[in-house]
Structure formats: structure tokens, C-alpha cells
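One structure is given here, and the rest of the page talks about it.
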Amino acid sequence: MKKTQQITVLGATGSVGLSTLDVIARHPDLYQVFALTGFSRLKELLALCVRHSPRFAVVPEQEVARGLQDALAAAGLDTRVLVGESGLCEVAAHPQVDTVLAAIVGAAGLRPTLAAVEAGKKVLLANKEALVMSGALFMQAVHRSGAVLLPIDSEHNAIFQCLPVDYSRGLGTVGVRRILLTASGGPFRETPLADLMGVTPEQACAHPNWSMGRKISVDSASMMNKGLELIEACWLFDARPSQVEVVIHPQSVIHSMVDYVDGSVLAQLGNPDMRTPIAHALAWPQRIDSGVAPLNLFSIARLDFQAPDEQRFPCLRLARQAAEAGNSAPALLNAANEVAVAAFLNRRIRYPEIASIIDEVLNLEPVVAVQELDAVFEIDLKARTLAEQWLSRNGR
Ligand code: NAD
Ligand code: MG
């Protein structure tokens, strides 16, 4: 009989976390929740614990932990509450855990995701920022520990599905010419450039096809998300930035493609619902029901494609520059973007200033080689400080 997989969901209260728990709940014979973590929205975390009875829950602070522990006891649960980054790393690397879903947003997810990798877990990666910040160290840890790294990001999951199983022999060796990374173009794909100065966080977060957390929604509007995904694809599939072409495809039905030397182009299609890549990675190499409705091609009727315009999407250009510079450049890009996006969401800056901040940080800070994790966090801090300096110099 097949063993029930024990799963830790890092970032359980978020958009990807909730989609994951939806898929897991459809297959109680296959998956059991071992640990759930949350940062804010702690009422929701309590409700998720009541629903899934995990062995552990993790919250950011001691005081919050006490409150949650009491509420869990009152609900008759013996879930143990752990605190902070050490708690996250503990449930990511716990010997009884089989699979870790890495769905914390931003740099905060790096250490716990890496803890899962170093413990040799099956790691389902949504937290692309972790890989962008420390790709070389991250992939070295994957190879050293024998962890199984499976992409949850819909594009990378699609590419993974379109590649042959032995793609790690090298893309050229297996006949791949290019990876075609699709992008919806976000809510501002056709907004007059002059109007971008006035767009609001609400407009930026209203993605036409996907329902996601606020940070990735802004990244999708600016196409920084596609830039981060370009870097993510380079690490996951050992590709050069020049082998990854970004294609705007507004319907988000094709989730990405692989172009082979014989002229074949393989695509993965589906409704834009994260439960498909999550179910794929959870069950891989098997297939399970995800709850996603079958694709109705007749109601979609047409698929469109266009090249991205770098004037409209300067963040994509900056990300490609950082991908090509390698070393510390992607970590600088990521941290500057996190500060800029938070400032935009808090209405401290205007939307086009996200790119101005990142541009300045990349120009001010020299690119250096990165040999260890402490250096990654130093670079991250340096970029955050420079971005904050932009904000105070401009009176924000
Ligand atoms: P979200 O904002 O909905 O959820 C983020 C989760 O991280 C929450 O559970 C939150 O409590 C937790 N968190 C936030 N800050 C934290 C901190 N400092 N320490 C610990 N936990 C913290 O975000 P999301 O949309 O679910 O995205 C999560 C990750 O998945 C991101 O890296 C994003 O780029 C990636 N991703 C998301 C989607 C999507 O459809 N939402 C698709 C592809 C990739
Ligand atoms: Mg994506």
C-alpha cells in the first residue's frame, strides 16, 4: 500500500498555500498535512489548523504563538505552535516530512526553503524569490542533498512538463532551441503610457486572469514577475538568459512552451488555476484530480501573441540585465523590487517609480561574486538600504 505523504505548507494562509490545501483535501488517502505556517491573517491559520489538524503550526512571534496555542487547545487540537524563522526551518527539515510546499512570498522564504532542500525533501517551489536571490547556492544544495525540486510556478511547471525527463543532460544535448516563457501582460498591457503615473495599487492588483497575492500581482503588472521567472528558468533548467524568450499571451491558456531544433514546439495548456501545477508536482510522476475545470477551447476560441514592449515594461529589461550580469545582480534586483513594490502598495510612490528605484540600485551597487548565504543577505540588505535612501531623498 502507498504511504501517505506528510506535507509542510510554508505560507499556508496565502494564495498558493490555500490552493495547495484545496488539492490536498481532495486526496486524504495520499496526503496529510504535517505543518502549516502563517505570518498575518492568524484567524485563517487557526481555521486551517482546525480543518487539517497539523502536528505543527508556525507564527512570527511568541505572543501570537501563545494565543494560537490556547485557541487550538480550546478546539481540542494538540497541534504544537512554533515561532519565527527557526520554527519555519524546523518544520521544513523535520525528519517526518516528505514534501515541502515553499509558498512564503519574498526573501523571507529563502532560509526555510533552503532548510527543506538541505534536508533532501521533495520541494515544491512557488517562492521564486529564493531562487532568484541565491540561485547558484540553492542549486548546489539541491545537487548535494539529492532533494527533488519541482516547480509550482505555472510557467516553469509547464516547461518541466514539455521537457524530456533527461533534460538535466543539457538543453542543447536534448535538442532544445529555446524556452518560450509566456506572460499575460497584466492589467496595464494596453493602458496609455501617460496614464501609468496615476494607476493605483487596486488597479495593479486586479490581474485579468490569475488571482494571487498582492506582491506578485504588482510584479505581474510591471512584468518584473516575468523577469524573476526568466532568472528562475535559467536556474531550474540550466539555460542561458538568451535561451529564454518572453512572449505576451493575454489569454494565459498556454502556460509556456519549449521550442526544439527540429521545429517542434511543445506547449502545456490549461485554465489559469494554480491547482493544476500544484497537483502535477504533488503527484509527479503520477496524475491526480486537481478540481480544475476541463479546458473549453471553444469558449476560448483564439490565442494571441505579441512581443513585450520594453518602454512599457522597463522592469523586464532590468531583470534581463541582472540575469545576464549574474552573481549578485539578481539579489540586488529582487531586494530593490521588494522595497519598491511595498512602497507602491503603501502609496508612498507612483507605479513608474518602481522601475526608477530598481534602476538606481542596480547602477549604484557593483556586481560581485557570491560564495555563501551570509553574502546573499548582505547584498539583500545593501539593496534595501539604497532603495530606502531613494525614498527618503525623494521625500516619501
Ligand atoms: P500571498 O501574499 O498570498 O501569501 C504569502 C504567504 O507568505 C502567506 O501565507 C504569508 O503569511 C506568508 N508570509 C509573508 N511574509 C512572511 C514572512 N516575513 N515570514 C513568513 N511568512 C510570510 O502570496 P502568494 O500569491 O501565495 O505567493 C507566494 C509565493 O508564490 C510568491 O513567491 C509568489 O511569487 C509565488 N507564486 C505565486 C503564484 C500565485 O498564483 N499566487 C504563482 C506563482 C508563484
Ligand atoms: Mg508564474
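Overview of values
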quantity	calculated
Count - residues of the stretch 121-153 that are open to solvent by less than 30 Å² (accessible area, probe 1.4 Å) and either at pLDDT below 95 or not hydrophobic (A, V, I, L, M, F, W, C) (or both)	8
Residue ranges of helices (runs of 4 or more DSSP H) in the stretch 8-90 with at least 3 members crowded, with 21+ Cβ neighbours inside 10 Å and in contact (Cβ under 8 Å) with a residue 40 or more places away in the chain	15-25
The stretch 258-274, residues that are in contact (Cβ under 8 Å) with a residue 40 or more places away in the chain and away from ligand 2 (no atom under 14 Å from the Cβ)	Val258, Asp259, Tyr260, Val261, Asp262, Val265, Leu266, Ala267
Pairs, first more than 19 Å from Gln96 (Cα to Cα) in the stretch 119-132, second part of a loop (DSSP other than H, G, I, E, B) and among the acidic types (Asp, Glu), C-beta under 8 Å, six or more apart	Leu125/Asp153; Ala126/Asp153; Lys128/Asp153
Filtered residue count, the stretch 279-307, keeping only those that are among the polar types (S, T, N, Q) and either in a helix (DSSP H, G or I) or buried (at least 19 other Cβ atoms within 10 Å of the Cβ) (or both)	2
Spans of strands (runs of 3 or more DSSP E) in the stretch 97-202 with at least 3 residues outside the structural domain of Val367 (by TED's automatic domain parsing) and away from ligand 2 (no atom under 16 Å from the Cβ)	176-183
Set Ala107, Ala74, Ala141: member being out of contact with any Gly (no Cβ under 9 Å at 6 or more places or on another chain) and more than 30 Å from Lys226 (Cβ to Cβ)	Ala74
Residue check, Gly227 under 13 Å from the mean Cα position of the chain (by Cα), touching a residue at least 60 places away in the same chain (Cβ under 8 Å) and surrounded by fewer than 23 Cβ atoms within 10 Å (Cβ to Cβ)	no
Residue list for the stretch 230-278, restricted to those being within 26 Å of Val142 (Cα to Cα), of a type in the set (A, V, I, L, M, F, W, C) and open to solvent by 30 Å² or more (accessible area, probe 1.4 Å)	Trp235, Met274
Those residues of the stretch 357-388 which are buried (at least 16 other Cβ atoms within 10 Å of the Cβ), among the aliphatic types (A, V, I, L, M) and in contact with a helix residue (DSSP H, G or I) (Cβ under 8 Å, 6 or more places away or on another chain), in sequence order	Ile357, Ile358, Val361, Leu362, Val367, Val370, Leu373, Val376, Ile379, Ala383, Leu386, Ala387
Pair list, Cβ under 6 Å, 6 or more apart: the stretch 379-392 residue free of Cβ contacts under 8 Å to residues at least 40 places away in the same chain, other residue open to solvent by less than 60 Å² (accessible area, probe 1.4 Å)	Trp390/Ile357; Trp390/Glu360
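Residue-wise test of (1) over 20 Å from the mean Cα position of the chain (by Cα); (2) closer than 17 Å to Ala116 by Cβ; (3) within 13 Å of ligand 1 (Cβ to nearest atom).
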position: Ile7; (1), (2), (3): no, yes, no
position: Ala12; (1), (2), (3): no, yes, yes
position: Pro28; (1), (2), (3): yes, no, no
position: Ala74; (1), (2), (3): yes, no, no
position: Gly84; (1), (2), (3): yes, yes, yes
position: Cys89; (1), (2), (3): no, yes, yes
position: Ala92; (1), (2), (3): no, yes, yes
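The values are calculated or read from the model by the stated rules, or taken from the named source; none is laboratory data. The model shown is predicted, which means the values in this text are computed figures rather than measured ones. No Cβ is skipped: glycine too gets one built from the backbone with ideal geometry, and neighbour counts run over all protein chains shown. Just so you know, the surface numbers come from the protein's heavy atoms only, side chains and all, with ligands and any DNA or RNA stripped out. Shrake-Rupley method; radii C 1.70, N 1.55, O 1.52, S 1.80 Å.
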